[in-house]
Amino acid sequence: MTMSADQVLHFANFSTLFVCLVLKFPQIFALISAKSSRGISLKSLLLELTGFIVFLSYQSYYEYPLPTYLEYPILIAQDAILLLLVFFYNGNLSHCLLAAVLFVAGWHLLTVQKWIIDLAMSLCTFISAASKFAQLQCLWETRDAGQVSALTWGMALYTSLTRIVTTLMTTGDFQVLARFIIMLLLNGWVTATIVYYRRGGKKQE
């Protein structure tokens with residue numbers, strides 16, 4: 001029995017939202033359990049949160065179908081918790097307030113003029129890609145996955161795939177589609193790198 005296009009779309013939207021509800025939980029629990037942020041790139045988190053905010057603002061500004069970006073407020077909240085934990089375990093909790101002020105101010109600035117949100121969206125893919133490369137660089141330098149959660153990155157890989165499907169079936173926006181294709185490839189790369197170093201660490205033991 002084959003699924004209709006509407007059923008595929010509903011499944012992709014629902015499964016993406018469900019996965020994103022718990023996407024960062026494995027990473028959050030790993031940090032709390034280890035009481036360490038070893039292996040987590042702060043630069044990657046800051047860039048990722050910036051990309052999420054820009055993408056959410058762009059989608060809502062142009063009134064895209066809500067189910068196609070409903071997970072972003074959830075991801076932003078989870079990233080904020082992760083940032084708080086990383087600042088805490090790095091001993092830089094005081095920097096958290098400054099980061100919060102800058103993010104809130106930037107978020108409001110994005111939709112002041114149409115050209116600002118359009119420009120931000122054109123840079124969004126580069127920002128999000130840079131966040132993945134920052135995490136890869138951290139892994140390559142330490143040759144240790146540390147507390148980085150392969151499950152979180154694996155789930156991010158799945159959501160990139162489903163968002164390619166939903167974008168093709170709804171708006172067809174090229175910028176959005178290109179972003180998700182690049183995120184799919186980079187999320188897969190990070191996941192594979194984490195698994196590689198995790199297995200290497202077990203062999204050494």
So, in region 4-13, of the ones that are open to solvent by 40 Å² or more (accessible area, probe 1.4 Å) and in contact (Cβ under 8 Å) with a residue 12 or more places away in the chain, which residue ends up farthest from Met155 (Cα to Cα)? Ala5
Check every one of the helices (runs of 4 or more DSSP H) wholly within region 1-74 and list those with 1 or more residues that are of a type in the set (D, E, K, R). 5-21, 42-61
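Here is a list: Leu93, Leu98. Which entry is open to solvent by 20 Å² or more (accessible area, probe 1.4 Å) and touching a Leu at 6+ places or on another chain (Cβ under 9 Å)? Talk me through it step by step, then tell me what you get.
Working: Leu98 fails: touching a Leu at 6+ places or on another chain (Cβ under 9 Å).
From the options Leu93, Leu98, the qualifying one is Leu93.
Residues to consider are Thr152, Thr191; find the one that is in contact (Cβ under 8 Å) with a residue 24 or more places away in the chain, touching a Phe, Trp or Tyr at 6+ places or on another chain (Cβ under 6 Å), closer than 30 Å to Ile32 by Cβ and surrounded by 15 or more Cβ atoms within 10 Å (Cβ to Cβ).
Thr191
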Those residues that are at pLDDT below 90, of a type in the set (Gly, Ala, Ser) and part of a helix (DSSP H, G or I), I need them from region 103-150; list them, please. Ala105, Gly106, Ser122
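The values are calculated or read from the model by the stated rules, or taken from the named source; none is laboratory data. Given the structure is predicted, the values throughout are model-derived calculations rather than measurements. Cβ sites come from the backbone with ideal geometry, for glycine too, and all protein chains shown count toward neighbours. Please note that ligands, DNA and RNA were not included when accessible areas were found on the heavy atoms of the full protein model with its side chains. Shrake-Rupley method; radii C 1.70, N 1.55, O 1.52, S 1.80 Å.
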